[in-house]
Amino acid sequence: MNLHLFADDEPDPSSLVHKPSLDAVLARMQEWMAQPNSPIRALRHLPAKPGEFADIPATVAEPLQLMLRQRGIARLYSHQREAFDRIAGGRNTVIVTPTASGKTLCYNLPVVNHLIGDANARAFYLFPTKALAEDQLVEFNLAVNAMGSGIRAFTYDGDTPQDARKAIRERANVAFTNPDMLHAGILPHHTKWAKFFENLKYFVIDELHYYRGVYGSHLANIIRRVKRLCDFYGSKPQFICSSATIANPKELAEQLIEAPFELIASSGAPTGEKYVVFYNPPVVNAQLGIRRSYLHETRRIAVEMIDRGQQTLVFCNNRLATEILITYLKDACEKGLAPPGTIRGYRGGYLPRERREIERKLRDGEIRGVVATNALELGIDIGTLDTVVMAGYPGTVASTWQRSGRAGRRQNTSLAVLVASSAPLDQYIVEHPDYFFSQAPERAAIHPDNLEILVNHLKCAAFELPVKDGEKFGPHETGKLCRFLGELGLLHHSAAAWHWTSDTYPADAISLRAVTSDNFVVIDITGEPKVIAEVSFPAALVELHEKAIYLHEARQYQVEKFDYEQRKAFVRRVECDYFTDAIDYTQVKELERFAEAPMRDAAAAHGEVRVNRQVVGFKKVKFYTLENVGAGNLSMPEQEMHTTAFWLHFPEKFWARFPDLSPSEKLNGLAGMGNAMRAIGAMLLMCDPRDLGVALTEDIADGKPVFEPDLFLYDPYPGGIGQSAPLYQMRDKLVAGALELIARCPCETGCPSCVGPAGETGDGAKGAAGRFLMALGQMSGAVQSSS
């Protein structure tokens, strides 16, 4: 049979009669890789590894041992035994092993063993998403029901019916929840949970690596509130954390919990054979550096894998890319690739019932292909997958390995393919595969002492219990902060304590992930009005503006009305061949300078800034060809936040070095320079490029425009998450890295892989950006030291 690997045309449905094995696909890839200018930039073989085992401890209760034997578990993996011994010894423990290595049993075994002997003991299980909590509850209940024990476990989240909540609070030995519900639905109502808190023995945090940046900073403050309530009720829970591989799991656990931990990082689980492929779409215009669309190439690879009988999971980095790829794959499905209904999407905006159905059908093999955001990156059991295709670099080494680990979860041979987009970071990674494969996973950084986050959670703590004079919140003295909140009329001092006096509910005003806690609901008014999705506040402004095409399960809906006040968007089903892409405008203003350093004729600084962002229009983009087929103007509400930033200031004397450049060429060069610096900054910080905002602002002196622009790299979160100071300290490496990225890019005038497309950054952007960086490098010695 002719192997049409990643061919330009869709596979002939008649080819479905015979599907070659994964071995044939890999053999073809190896042949192709040997060809000149092959788009396959790396093919790495990760051999299978046998397991290391240990006996089940004699202290495990007999019913529990019997249940394990009935499920075919006669011995434990070595790391499971080590975890049991440490947890049973009363030590806070963090377990860090690869995907599908049996981390769940590491904490379930000691917790259930204790609950068998102590019916009054209680445990919280914390998961980052409701879907994962539901999945783990099913597994937990299967085990305890097989033992015939009286241990009772329930999920307690936003989907829990009101009439069931009282019974759960009173009867549950284990409550499965998520940070949002713990923050807003449990801690503020702790008096209803008094018995639970009095007997709280274990606090399990799964997917620890997920809690980085803003989300992790919030969770650290939530844990401060949990420990404060435990002190009040007289309990001292033991903390157990599990994580995928990151560089600093013990440090992260100790930062989150503010207590010492012991680390288990050596896995005894066997692993299946895996192949990892880096694929860089071919160049179609060498002069402009334009490559084939990475979404088109991802579609082609996914179609090929599904055609060959491989159950395939496609990961996208954002909601729009997810919906576009679902559309493409369902179109291919209609041509005979697979039966209707076997290609599905999966992302956070889907309703819980839809997500549960997709998870079940994946496990049962009814679905052949799924396109997902990072919602499926976590440890939800979706059965045996053969292939993972990643549409774009996930942003971190850790996330890439986590996603690739979703294939081969039953120790079978599996394939993971990374399809690089034209983004500079993607291109750097795919063209430097040795850098990726030799690179340790990133450090997870949090900033729990961000003043805005800290004060917000202190409000919640005061709502839950009065703050006593001299009491600390974490390591912080609370006196000054409480007096500040008292001046705002939120707290009142009486009987040596600060009491909450406002009639507001502080937890409701705090989002753990975004600027605001308000989500928008999407209401389909094609027929009988019904809610089809929920969208976060920041995303709603760019996805649900009037005239937007909202994509849901490959169906197109036009937004008829955007009700900002009521947080609702009304949509109607339409048939169209385009999607919409919002255009926004960002303005940054310096408020306070924390530090600055001269770079001869320029200057570097970091400090506090105000960011104003507004969606001002949208483009209509045609499916497949990605042509711009129209545009529209918008007047959306402006969003404002205070955050931190690193910036470069270019005074008039800097521009004296470039008399040959016009003002527009200078701006084009700075815009391109900003794109390159964001990519290198993300790599230096080991964060996602989307966690760095870029803005270019011209100074105005004495009310008159003066060309002394500032180039900002800012934290896109209120209060900042601690990224500006490291960028300031690494400014020489930042300049040198951006210069190398531009110099090594083979395009002539700029492309998405270095300074951005020539059509967006303007004429001469690449040359000007390189000259500016060279000047900065010469001034600071960055270029010489980097070489």
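Could you list, in their original order, any pairs among 103/733; 480/589; 195/568; 166/530; 274/330 whose Cα atoms are separated by more than 32 Å? Can you show the working numbers first?
Details: 103/733 38 Å; 480/589 28 Å; 195/568 39 Å; 166/530 29 Å; 274/330 28 Å.
From 103/733; 480/589; 195/568; 166/530; 274/330, over 32 Å: 103/733; 195/568.
Kirkwood hydrodynamic radius, computed over distinct alpha-carbon pairs, for segment 662-751: how many Å, to one decimal? Spell out each step's value before the answer.
Numbers: mean 1/r = 0.0699 Å⁻¹.
Result for segment 662-751, one decimal place: 14.3 Å.
Got a number for the accessible area of residue 401? Probe 1.4 Å, square angstrom, nearest 10.
Rounded to the nearest 10, the figure is 80 Å².
Under a cut-off of 16 Å between alpha-carbon atoms, report the lysines in cross-link reach of residue 766, not counting same-chain residues fewer than 8 places apart.
Reachable lysines: 666.
Residue by residue, what Karplus-based ³J(HN,Hα) values in Hz, rounded to whole numbers, does segment 147-163 have, using 6.51, -1.76 and 1.60 with θ = phi - 60° and x for Gly and Pro?
7, x, 7, x, 5, 10, 10, 9, 7, 9, 9, x, 8, 6, x, 4, 6
Rolling a 1.4 angstrom probe over the protein chains, ignoring ligands and nucleic acids, what is the accessible area of residue 687 in square angstrom, nearest 10?
Solvent-accessible area, nearest 10 Å²: 10 Å².
Would you mind counting up the charge near residue 266? Only other residues with Cβ under 15 Å from its Cβ, with Lys and Arg at +1 and Asp and Glu at -1.
Working: positive: 49, 81, 86, 103, 250; negative: 52, 82, 85, 262.
Once all neighbours under 15 Å are counted, the net charge is +1.
Calculate, for residue 565 and residue 748, the FRET efficiency according to 1/(1 + (r/R0)^6) with r their C-beta to C-beta distance and R0 56 Å; round to the nearest 0.05.
Values: r = 50 Å, r/R0 = 0.89.
Efficiency for this residue pair is about 0.65.
Over segment 192-273, what lengths in whole Å, largest first, do the semi-axes of the equivalent ellipsoid take, defined as the square roots of 5 times the eigenvalues of the alpha-carbon gyration tensor?
Details: eigenvalues 145, 47, 24 Å².
With the √(5λ) rule applied to segment 192-273, the semi-axes are 27, 15, 11 Å.
Leaving out ligands, DNA and RNA but keeping every protein chain, what accessible area does residue 45 have, in Å² rounded to the nearest 10, with a 1.4 Å probe?
90
Sort out for me the Cα centre separation of segment 315-333 from segment 57-136, rounded to whole Å.
38
With a probe of 1.4 Å, find how much accessible area the chain has per residue, and write the answer as a whole number in Å². All intermediate terms of the calculation are to be shown ahead of the outcome.
Values: 31830 Å² over 787 residues.
Spelled out: the 1.4 Å probe surface of the chain, per residue, equals 40 Å².
So what's the gap between the Cα centers of segment 600-623 and segment 520-571, to the nearest angstrom?
Segment 600-623 and segment 520-571 have Cα centres spaced 26 Å from each other.
Taking the mean number of other Cβ atoms within 10 Å as a proxy for protection, how do you rank 643-649, 82-88, 596-602 from highest to lowest?
Values: 643-649: 24.7, 82-88: 20.9, 596-602: 15.6.
Going by the mean number of other Cβ atoms within 10 Å, highest first, we get 643-649, 82-88, 596-602.
Of 653, 330, which has the most accessible area with a 1.4 Å probe, and how do the rest follow in descending order? Kindly include the intermediate steps, with their values, before the conclusion.
Numbers: 653 120, 330 50 Å².
From most exposed to least exposed: 653, 330.
Please give the FRET efficiency for residue 139 paired with residue 66, using the beta carbon to beta carbon distance and R0 = 25 Å, rounded to the nearest 0.05. Please list the in-between numbers first.
Numbers: r = 18 Å, r/R0 = 0.71.
About 0.90, to the nearest 0.05.
As a test of the definition: which semi-axes, in Å, follow for the chain when you take the square root of five times each eigenvalue of its alpha carbon gyration tensor? Largest first, please.
Numbers: eigenvalues 343, 259, 140 Å².
For the chain, the ellipsoid semi-axes come out as 41, 36, 26 Å.
What would the Debye formula give as log10 I(q)/I(0) at q = 0.15, 0.19, 0.20, 0.24 Å⁻¹ for the alpha-carbon point model of segment 464-554, no solvent?
Computed log10 I(q)/I(0) values: -0.72, -0.91, -0.98, -1.23.
Evaluate the distance, in nm, between pseudo-label points positioned 7 Å from the Cα of residue 528 and of residue 231 along their respective Cα→Cβ axes.
5.4
Over the chain, what is the relative contact order in whole percent, taking alpha-carbon pairs under 8 Å and six or more residues apart? The partial results should precede the final answer.
Details: 1590 pairs, mean separation 88.1, N = 787.
Dividing the mean separation by the residue count of the chain yields 11 percent.
Report the local net charge at residue 156: Lys and Arg +1, Asp and Glu -1, summed over other residues whose C-beta lies under 13 Å from its C-beta.
Working: positive: 122, 130, 152, 165, 166, 169, 171, 192; negative: 134, 157, 159, 170, 180.
Cβ neighbours under 13 Å give a net charge of +3.
The values are calculated or read from the model by the stated rules, or taken from the named source; none is laboratory data. As the structure is a prediction and not an experimental result, all values here were calculated from the model. Because the Cβ atoms are built from the backbone with ideal geometry, glycine has one as well, and the counts that use them run over all protein chains shown. Protein only, heavy atoms only, side chains kept; ligands, DNA and RNA dropped before computing areas. Shrake-Rupley method; radii C 1.70, N 1.55, O 1.52, S 1.80 Å.
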